[in-house]
Amino acid sequence: MLAPAGTPAAVVAAANAAFAAMVAMPDVRARRETTQGAVVVGGPPEAFGRFIADESAQWGPVVRAAGIRAAN
């Protein structure tokens, strides 16, 4: 789940709590993992921000070198 930069911390915290409660539901977890092949994880927004930054640093150069562009 993503939010725009500058979203108030209280809004991010509330959304994160709601998301964590949702993915903790056994039926939601099972549906995501068995029918969609997704691994459900959660955690603090700061950890997700670090993950996104790390992935961007790792894969950004590969994407740019390959000339990959997002579709419009």
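Just so it is clear, none of the values below were taken in a lab; they were calculated from the coordinates. Here the structure is a predicted model, which means the values were calculated and not measured. As a convention, Cβ positions derive from the backbone with ideal geometry for all residues, glycine included, and neighbour counts pool all protein chains shown.
So how many residues does segment 21-49 have that are of a type in the set (D, E, K, R) and surrounded by fewer than 11 Cβ atoms within 10 Å (Cβ to Cβ)?
So the first thing to find is which residues in segment 21-49 are of a type in the set (D, E, K, R), and the list is 27, 29, 31-33, 46.
Imposing the further condition that a residue be surrounded by fewer than 11 Cβ atoms within 10 Å (Cβ to Cβ) reduces the set to 27, 46.
Residues that pass the stated criteria total 2.
Please list, ordered by first then second residue, the pairs with beta carbon atoms under 9 Å, 6 or more apart or interchain, first in segment 29-45 and in a helix (DSSP H, G or I), second surrounded by 12 or more Cβ atoms within 10 Å (Cβ to Cβ) and of a type in the set (Val, Ile, Thr).
Close Cβ pairs satisfying both conditions: ARG29/VAL23; ARG29/VAL40; ARG32/VAL23; ARG32/VAL40; GLU33/VAL40; PRO45/VAL12.
What's the total number of residues in segment 16-53 that are polar (S, T, N, Q) and under 15 Å from the mean Cα position of the chain (by Cα)? Don't jump to the end; show me each part of the working.
Of segment 16-53, the ones polar (S, T, N, Q) are 16, 34-36.
Filter once more, keeping what is under 15 Å from the mean Cα position of the chain (by Cα): 16.
Counting residues in segment 16-53 that are polar (S, T, N, Q) and under 15 Å from the mean Cα position of the chain (by Cα) gives 1.
Checking the conditions here, which among ASN72, ASN16 is among the polar types (S, T, N, Q) and outside any helix (DSSP H, G or I)?
On the way: ASN16 fails: outside any helix (DSSP H, G or I).
Result of the check over ASN72, ASN16: ASN72.
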